Amino acid sequence: MLMAASCKAKGFTLLEIMLVVVIISIMTAVGVNIINSQSIERLIQSQAQQFSDDLSYVCEKAVFENQAFGIQLHVNGYQVLRYQQPQWLRVASQAIPQFNESIVTELLLDGLSQQLEMTSSDEQLPHIICQSDGSFNAFQLRYSAAAESSQSTDAKTYYALNTQSPWQLDGAWHQP
């Protein structure tokens, strides 16, 4: 009799093992969702970094091809242009990056806010010009959460890309 009782006490039941597996599965699912969640701040910084990388690429291309390139911004994204005297032409091989609809973009040139069109057009000039030496004009590009997606109490906080010099771009959070 003593021998039968000690044999039962040596292992786990199927119910106990299943319960542990279920608990680990739930914790894993919750953990993955937390890691993959994108806060609006992370989306803003990601979009600003993407624009900064694209601007660097366009300016490097201007140096290598010894030709001026430009970026024409509009509400939903931006278009890369090439200066072919006497006009600016779209670069067909360049993909048109789209802005996230939960992010508002504001462009300032010489401290003045620019009215961005809904879509790019052939008649407009580029807002940002990369010269053949790799330099670009001074600008500030502000990213903030759209009113409906903003969950913070301070809606005036924004992330800004600022030109520090004709060859350097800096990004930082601002809270007026």
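Computed quantities for the displayed model
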| quantity | calculated |
| --- | --- |
| Using distinct alpha-carbon pairs, which all enter the 1/r mean, Kirkwood radius of the range 26-116 in Å | 15.6 |
| Distance (nanometres) between label positions extended 7 Å along Cα→Cβ at LYS10 and VAL75 | 7.5 |
| Rotationally averaged projected area of the range 40-174 (alpha carbon convex hull; nm²) | 8.1 |
| Likely footprinting exposure, TRP173, TRP88, fewest C-beta neighbours within 10 Å first | TRP173, TRP88 |
| Residue exposure sequence - TYR159, TYR143, TYR57 - by fewest surrounding Cβ within 10 Å | TYR57, TYR159, TYR143 |
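A short reminder: the numbers here are calculations on the coordinates, not readings from a lab. All values reported here derive from a predicted model rather than from experimental measurement. Every residue, glycine as well, gets a Cβ built from its backbone with ideal geometry; the counts of neighbours run over all protein chains shown.
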